[in-house]
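Asker: Can you keep this structure in mind? I'll have questions shortly.
Throughout, read-outs are computed from the coordinates displayed, never taken from laboratory work. Quantities reported herein were computed from a predicted structural model and do not represent experimental measurements. Cβ placement follows ideal geometry from the backbone for every residue including glycine, while neighbour counts extend to all protein chains displayed.
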Amino acid sequence: MAAYPGGVFHRMIQRGLTSYWSSTAQHARDMELEPLKTRRTQARRLRAHLDEVISVADGQLALPVIGSNSFFKPHGTDWSWRPAIWRESLPSKGMVSVQSKQSLGDEVVLFHDCKYSELTLRQLRNTREKDLAPYGLRMDVFGFDGSFLSLVLDMPEDSLEGLCRNHVVRMSTIVEMEKPLEIFARLNVKHGPNTEQIVRELPLNQEEISVEFDLAYTQLNEKQLEKAWIDLIFEGPEMNQVILRDLNFSRRLRAEI
């Protein structure tokens, strides 16, 4: 993004232009016709540029701020995270004919067993007024001759810091799709030789979705935590477009009874 010059010289020019047009406006009624016509032509040219700047600025300032980590966090949250693909612009915006184990960015990997891939992934800019995430992720599925399709999201190392069986992990997302399909979220936490898994089906009868993973129902060894990741599993995805407008996570300690 280009930076507009903001040095002393440019500020002096700006003050001079403001003073010039302020004076012109004050004396316009007393001007003779020829100089008034010249000022009108100049003003119209300037107004065209000003209107363009205002229009672009209004559009850009109405969008979610790039890098934003703003989203709802329940009371008592001690860790939260929005993955980079929903927060920052990626160098590579998308892929076509995506093969299994291909990644988009550093955190999201697509897995499938299709013989011929007719899958695309693309990062898109969110522009709706209600969107908090700067970016979304769009997946287009045309022909699908496989038996499974999932997006795997590696969680950062700090998600394991202080993690214990008293924690509840919350995942929130906003999903759009062309036609109904089932989506499951599976939280995986590797500890030593074992991996705990909790599966939740996303309630797709609403746009803004939240599911919770209660670690109290696992055999988690808090002293051997190694890695955590999320699988988003799509059932019957053929001939569909799915847009994840947002995806974010938070963690809190469950209430003691």
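Asker: Rounding to the nearest 10 and keeping the result within 0 to 90°, find how far the Cα-based axis of helix 8-27 lies from the longest principal axis of the chain.
Answerer: 50
Asker: May I pose another question? What FRET efficiency would be calculated for the residue pair Phe111, Asp78, taking the C-beta separation as r and a Förster radius of 41 Å, to the nearest 0.05? Please list the in-between numbers first.
Answerer: Numbers: r = 31 Å, r/R0 = 0.75.
After rounding to 0.05, the efficiency reads 0.85.
Asker: Which entries in the list Lys101/Lys179; Lys73/Lys190; Lys73/Lys223; Lys130/Lys223; Lys93/Lys227 go over 29 Å, if you measure between the two C-alpha atoms of each? Show your work: numbers first, answer last.
Answerer: Numbers: Lys101/Lys179 26 Å; Lys73/Lys190 25 Å; Lys73/Lys223 27 Å; Lys130/Lys223 41 Å; Lys93/Lys227 27 Å.
Where the Cα-Cα span goes over 29 Å, the pairs concerned are Lys130/Lys223.
Asker: Considering only the other residues whose Cβ falls under 14 Å of the Cβ of Ser22, what net charge follows from Lys and Arg at +1 and Asp and Glu at -1?
Answerer: Numbers: positive: Arg15, Arg39; negative: none.
With Lys, Arg at +1 and Asp, Glu at -1, the net is +2.
Asker: Apply the Karplus curve 6.51 cos²θ - 1.76 cosθ + 1.60, θ = phi - 60°, to the phi angles in region 41-51 and return the couplings in whole Hz, x for Gly and Pro.
Answerer: Couplings: 4, 4, 5, 5, 5, 5, 4, 4, 5, 5, 4 Hz.
Asker: Now for a different question. Just to verify a number: FRET efficiency for Asn194 and Glu52, C-beta to C-beta distance, R0 = 51 Å, to 0.05?
Answerer: Details: r = 60 Å, r/R0 = 1.18.
So the FRET efficiency works out to roughly 0.25.
Asker: What distance in nm lies between label points placed 7 Å from Cα along the C-beta direction at Tyr20 and Val65?
Answerer: 3.5
Asker: Once both labels are modelled 7 Å past Cα along the beta-carbon direction, what's the Lys130-Asp154 spacing in nm?
Answerer: 3.5
Asker: Same structure, new question: Under 12 Å from the Cβ of Val242, count the other residues' Cβ atoms, weight Lys and Arg +1, Asp and Glu -1, and hand me the total.
Answerer: Numbers: positive: Arg122, Arg138, Lys179, Arg245; negative: Asp140, Glu176, Glu178, Glu182, Glu235, Glu238.
Result for the neighbourhood of Val242: -2.
Asker: Pop out the ³J(HN,Hα) list for region 131-142 in order, Karplus 6.51 cos²θ - 1.76 cosθ + 1.60 with θ = phi - 60°, rounded to Hz; leave Gly and Pro as x.
Answerer: 6, 9, 7, x, 10, x, 10, 10, 10, 9, 10, 9
Asker: How far is it, in nm, from the label point at Glu238 to the one at Val8 when both lie 7 Å from their Cα along the line to the Cβ?
Answerer: Using points 7 Å along Cα→Cβ, the separation is 7.2 nm.
Asker: Can you give the net charge of the other residues whose Cβ lies under 11 Å from the Cβ of Pro83, counting K and R as +1 and D and E as -1?
Answerer: With Lys, Arg at +1 and Asp, Glu at -1, the neighbours total -3.
Asker: Determine, for each peptide in 21-34, 150-163, the mean count of other beta carbons within 10 angstrom over its residues, then list the peptides with the highest first. Intermediate values should be presented prior to the final figure.
Answerer: Details: 21-34: 10.4, 150-163: 16.4.
In decreasing order of mean packing, 21-34, 150-163 become 150-163, 21-34.
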